[in-house]
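To start, the structure itself, in structure tokens.
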Amino acid sequence: MAEEIRDMIFYVAKLMTISAITAPKARGIGNIVVKILSEKKDLEALASKMKELSKIYGDYFVRDANNVMESDVVVLIGCKIAKTGLVKPEKWSLDVDIVMSLINLGIALGSAVKIASMLNVDNRIMFSVGVAAQELGLIDADYVFGVPLSAKPKNIYFDRM
């Protein structure tokens, strides 16, 4: 039964990637990058890197790494900065291309986790997973978040310490 559940979670991960890729985009620019990690060795490497990075970024990287190890699948969702050559308004302190790219990433993440939620697969958007994935070169993107997935009797991403 455990293997069947894992297969179903992998299928949900595929649906999440479709949702992320087809989510509405600022200026209609498709700059979203996705990848699914489902092999135990990949999840172990990711969790190990997260624990290593906890020395730099803080203890929550260890907490999140433990969640990754308990998860069946991790969906990586990132964005590449879409350089459009737009000139930023004089009063703006932020780069328009970065802002629009990050808005696209936020919309893509929301669309993806909506799918998981609708299908009752527990999930959590994690910055820590994205940092480790980038450090390991698992995805070619400028900014990345990870979404671990699980379907257990109790949500493993709730009541975390």
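Where does the chain land at 222 nm, in deg cm²/dmol rounded to the nearest 500, when only DSSP H runs of n ≥ 4 count, each adding -39500 (n - 2.57), divided by all residues?
Calculated mean residue ellipticity at 222 nm is -17000 deg cm²/dmol.
Per residue, how much accessible area does the stretch 54-161 have with a 1.4 Å probe, in Å²?
53 Å²
Which of the lysines could a cross-linker span from K88 if the Cα-Cα distance has to be under 22 Å and same-chain partners fewer than 8 positions apart are dropped?
Output for K88: K25, K80.
For K35, go through the aspartates and glutamates and keep the ones whose alpha-carbon is under 20 Å away, minus same-chain ones fewer than eight residues off.
Here the aspartates and glutamates satisfying the reach criterion relative to K35 are D7, E44, D64, E70, D72, D122, E135, D140, D142.
Give me the angle, in degrees from 0 to 90, between the Cα long axis of helix 96-118 and the longest principal axis of the Cα atoms of the chain, rounded to the nearest 10.
Its long axis makes an angle of about 30 degrees.
Most fluctuating residue of E90, E52, E135 in a GNM of the chain with Cα springs under 10 Å: which is it?
Result for the chain, Cα springs under 10 Å: E90 fluctuates most.
Nothing charged except the Cβ atoms of Lys and Arg (+1) and of Asp and Glu (-1): what's the magnitude of the dipole of the stretch 45-161 about its Cα centre? Round to the nearest 20 debye.
With only Lys, Arg, Asp and Glu charged at Cβ, the dipole is about 160 debye.
Explain nothing, just the number: dipole magnitude of the stretch 1-114 about its Cα centre with +1 on each Lys and Arg Cβ and -1 on each Asp and Glu Cβ, in debye rounded to the nearest 20.
About 520 debye.
Output the Kirkwood hydrodynamic radius of the chain, Cα pairs only, in Å rounded to one decimal.
This gives a value of 16.2 Å.
What is the angle, in °, between the Cα long axis of helix 2-22 and the longest principal axis of the Cα atoms in the chain? Nearest 10 is fine, range 0 to 90.
Around 10 degrees separate the two axes.
Over the chain, what is the mean sequence separation of C-alpha contacts under 8 Å (at least six apart), divided by residue count, expressed as relative contact order in percent?
Relative contact order of the chain: 32 percent.
With the cut-off at 28 Å, tell me which of the pairs K91/K114; K114/K154; K14/K40 have Cα atoms farther apart than that.
With Cα atoms farther than 28 Å apart: K91/K114.
Taking the Cα atoms of the stretch 29-83, report the difference between the largest and smallest coordinate on each principal axis, in whole Å and largest first.
35, 26, 13
The values are calculated or read from the model by the stated rules, or taken from the named source; none is laboratory data. All figures in this text were calculated on a predicted structure; none of them were measured in a lab. Every residue, glycine as well, gets a Cβ built from its backbone with ideal geometry; the counts of neighbours run over all protein chains shown. For accessibility, only protein heavy atoms count, side chains too; no ligands or nucleic acids. Shrake-Rupley method; radii C 1.70, N 1.55, O 1.52, S 1.80 Å.
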